[in-house]
Each structure stands twice: as structure tokens, then as C-alpha cells.
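Below is one structure, written out as C-alpha cells; the observations come after it.
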Amino acid sequence: HSNHITGTIPSEVGQLTALEHLYLCGNQLTGSIPSSVGLLSVMQRLSLFNNQLTGSIPSEMGKLMAINIIYIYDNQMTGTLPSTLGSLLNIDELWLNDNHLSGRLPVEISGLTELRSLFLQNNVLTGYDAGTFNHLAQLELTTIDMSNNRLTGSLPAEMFLLPSLQVLSLSGAHDIL
């Protein structure tokens, strides 16, 4: 990481089936994240932050059963959050902030039983589906940052039942009640 690597992430990255950590952060990578990343079944950490990646988050990332940490912040990612992210049962940290992600936080996110930190600030998210925070009340979730999005509607009562929550940032939200 932190070189001057340019170009795209080749789809052949999916052939590195023993790969546990991929650090390509702090470069000048462009293009989209190849769907073949979903083939990296033993991947524990994916760090692609601080690049110029575009496109949507591939739904195939929901196959990363061993993943603990995803850092894809500070890129130009677009589209909605795939519901398949709810399959990442071992994920501890999910950093998707500082992109152009839109839509709602899918209810499937409530299945992330190991989630501790959720960073989604500085996107164009509009809210969350009913029940998104239902199961998270039983977890050790300590940080939710959804500031500077386009959130609307009511705050879910479940958000206030998170026993380990230390940081809840919704600043800069538009029209949230």
C-alpha cells in the first residue's frame, strides 16, 4: 500500500485462493472492484481505501465468509449497498465512508453478529429499512457513523437499545426526525 500503483485491480485476483490479506490502499487504482474478489474464501482483511475506485460494491463480496475487516473508504464507489453484505458473519469493521453510495441500509445488515464498527459517513444514503437495527441490540456494536448523508424519516427505537454503543453520529443529516 501507499505506492503510486495505477490501473485496475485485475479479475485474476480471484485466483489467489489462499490470500488472507489484500492491501492495495493509498494508491491510484481506478475501475471497479472485480466480482472475482468473492472467490477469496479465506480473506480476512480487504483494504482498498484511498484510491479512485468506481462502480458498485460487488454482491459477490457476500461470499467472503472469513472476512473480519473491509476498508473501502475514500473512493468513488456508487450504487446501493448489496444485501449480501449481511452474510459476512465474521465482520468486525465495515468502513464504506467517503464514497457516493446511495439508497438505504439493507435490513440484512442486522445479521452481522460480530460487527463492532460501522462507518458510512459522507455518502448519499437515504435511510434504513425497518428492522435494520433489531438484532444489533444484542451485539457489541460500539460505533455507527452515518453523518453527512441524506437520511430522512424517523430514528429507529432499536438504535437506542445498543448496549455497547459509544459513538452515534448522524450529524449533517437532512430532514431526519
Point to revise | Euclidean distance between Cα centres, the stretch 51-77 to the stretch 79-94, Å | key: 9
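When ligands, DNA and RNA are left out and all protein chains stay put, how many square angstrom of accessible area per residue does the stretch 76-177 have with a 1.4 Å probe?
Details: 4400 Å² over 102 residues.
Accessible surface, normalised per residue, equals 43 Å².
Just the C-alpha atoms of the chain: what Rg/Rh do they give, with Rh taken as the Kirkwood radius? Present the calculation step by step, with values, prior to reporting the outcome.
Working: Rg = 15.8 Å, Rh = 16.3 Å.
Checking Rg against Rh, the ratio lands at 0.96.
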Check your understanding: How far is the Cα center of the stretch 145-174 from the Cα center of the stretch 1-47, in Å?
Key -> 31
Review point. To the nearest 0.05, how large is the calculated FRET efficiency for Glu20 and Ser56 if R₀ is 25 Å and r is the Cβ-Cβ distance?
Key: 0.50
Check your understanding: Taking the Cα atoms of the stretch 29-112 alone, what are Rg (to one decimal) and Dmax (as a whole number) in Å?
Key -> 11.6, 31
**Study point:** FRET efficiency, Ile5 to Ala157 (Cβ-Cβ, R0 45 Å, nearest 0.05)
**Key:** 0.45
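The values are calculated or read from the model by the stated rules, or taken from the named source; none is laboratory data. All values reported here derive from a predicted model rather than from experimental measurement. Note that each Cβ is placed from the backbone with ideal geometry, even for glycine, and that neighbours are counted across all protein chains shown. Just the protein is used for accessible areas: all its heavy atoms, side chains included, with ligands, DNA and RNA removed. Shrake-Rupley method; radii C 1.70, N 1.55, O 1.52, S 1.80 Å.
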